[in-house]
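Any read-out appearing in this document is the output of simple, stated calculations on the displayed coordinates, not a laboratory observation. Just so it is clear, the structure is predicted and the values come from calculations on it, not from any experiment. With ideal geometry, Cβ positions are generated from the backbone for all residues, glycine too; neighbour counts draw on all protein chains shown.
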Amino acid sequence: MSSPYHADPLLVATWVKGWAISREVAPPVSVYDGSHVTVGWPAQLARYVFPHLSDGYKELAATIHEPFIHLKVLDDPEEARAWLPSRWVIQEPGHMMVCPVPMTGVAPTLPDGYTVDIQDEITVPLVRILAADGTTAAAGRIALVDDYIIYDRIETHPDHRRRGLASLVMYTLQQTGFAKGGSKGILVATAAGRALYTTLGWKFYAPLTTAIIPGE
């Protein structure tokens with residue numbers, strides 16, 4: 001059965017490039033019909049990202065035996081599983097989302113006791129919302145690739161959730177990205193994040209399925 005997802009390879013490559021910039025790792029290189037990033041973290045030595053299931057995806061999976069290599073594809077977990085040797089384990093899927101126009105609505109009001117810290121003169125612009133004691137209550141960052149804004153590491157501390165802080169981070173990051181020439185957004189969300197971003201006008205694009213070979 002053919003996949004209902006037809007991810008644009010250029011859009012996927014743009015997200016990969018932005019992710020690498022945001023995480024300050026090596027830039028991606030082309031491998032088969034996907035991208036390869038040398039990450040170098042203990043739990044993620046490298047990642048391969050494919051816009052769709054392909055012979056290249058299947059051939060690469062067959063050649064990898066070492067753990068902590070992330071093999072990603074824009075397709076359903078069930079479809080990806082059928083293309084992989086049994087040593088690969090499917091992880092909880094991510095949700096690639098796009099926002100080709102400004103987010104809907106307006107930014108929520110900053111609650112009392114919080115301040116916004118914007119660091120927009122660095123390579124990876126950062127927005128933090130600080131609690132009264134100076135700790136980070138919520139944060140996020142962006143990378144700019146052409147006219148795309150890649151949103152990354154949007155997080156709210158458990159003690160500060162349900163106060164609109166994540167939405168405020170998103171709107172502030174958007175404003176920062178627009179000021180730097182960006183006009184369209186890409187991100188990969190968790191299931192909970194997808195629900196939030198949908199309320200802000202983001203559209204689901206495709207599932208991002210990750211497979212790994214577990215370590216000892």
Please give me the summed charge of the neighbours of ALA7: other residues whose Cβ is under 14 Å from its Cβ, Lys and Arg +1, Asp and Glu -1. -3
Non-local residues with an amide H under 5 Å from the amide H of ALA189, with H modelled 1.01 Å from N and Pro and chain starts lacking one, are HIS95, MET96, MET97
From the backbone phi of segment 106-111, what are the Karplus-calculated ³J(HN,Hα) couplings (6.51 cos²θ - 1.76 cosθ + 1.60, θ = phi - 60°) in whole Hz, Gly and Pro given as x? 10, 5, x, 6, 5, x
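As an exercise, use a Förster radius of 35 Å and the Cβ-Cβ distance of ASP146 and GLU59 to find the FRET efficiency, rounded to the nearest 0.05.
Values: r = 30 Å, r/R0 = 0.86.
Computed FRET efficiency for ASP146 and GLU59 comes out at 0.70.
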Residue-averaged [θ]222 nm for the chain, counting only DSSP H segments that reach four residues, each worth -39500 (n - 2.57): -7500 deg cm²/dmol
Centroid-to-centroid separation of segment 102-132 and segment 178-198 [C-alpha atoms, Å]: 15
Which whole-number percent is the relative contact order of segment 89-195 (Cα, under 8 Å, 6+ apart)? 34
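I need the GluC sites (Glu not before Pro) found in segment 1-107, filtered to DSSP loop residues with at most 12 other beta carbons within 10 Å of theirs. Walk me through the numbers on the way to the answer.
On the way: sites: GLU24, GLU59, GLU78, GLU79; in loops: GLU24.
Here the GluC sites (Glu not before Pro) that fit, given the DSSP loop and packing criteria, are GLU24.
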Have a look at segment 76-138 and give its Rg and Dmax from the Cα atoms, expressed in angstrom. 19.7, 53
Subtracting the Cα-Cα distance from 0.36 nm times the residue separation, let me have the gained length for ASP76 to ASP133 in nm, one decimal. 16.2 nm
When we measure straight from the Cα of LYS58, which lysines land under 21 angstrom away, once same-chain ones fewer than 8 places off are left out? LYS72
How high is the relative contact order of the chain? Use alpha-carbon pairs under 8 Å, at least six apart in sequence, and give a whole percent. 26
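Starting from the Cα-Cα distance between SER183 and GLN44, subtract it from 0.36 nm times their residue separation and give me the gain in nm to one decimal.
On the way: separation 139, 0.36 × 139 = 50.04 nm, distance 3.08 nm.
Length gained between SER183 and GLN44: 47.0 nm.
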Tabulate in residue order the Karplus-calculated ³J(HN,Hα) for segment 13-18, using 6.51 cos²θ - 1.76 cosθ + 1.60 with θ = phi - 60°, rounded to whole Hz; enter x for Gly and Pro. 5, 5, 4, 4, 4, x
Under 17 Å between alpha carbons, and skipping anything fewer than 8 positions from LYS203 in its own chain: which lysines qualify? LYS184
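What's the extension gain from VAL101 to GLU24 if we count 0.36 nm per residue and subtract their Cα-Cα distance?
25.0 nm
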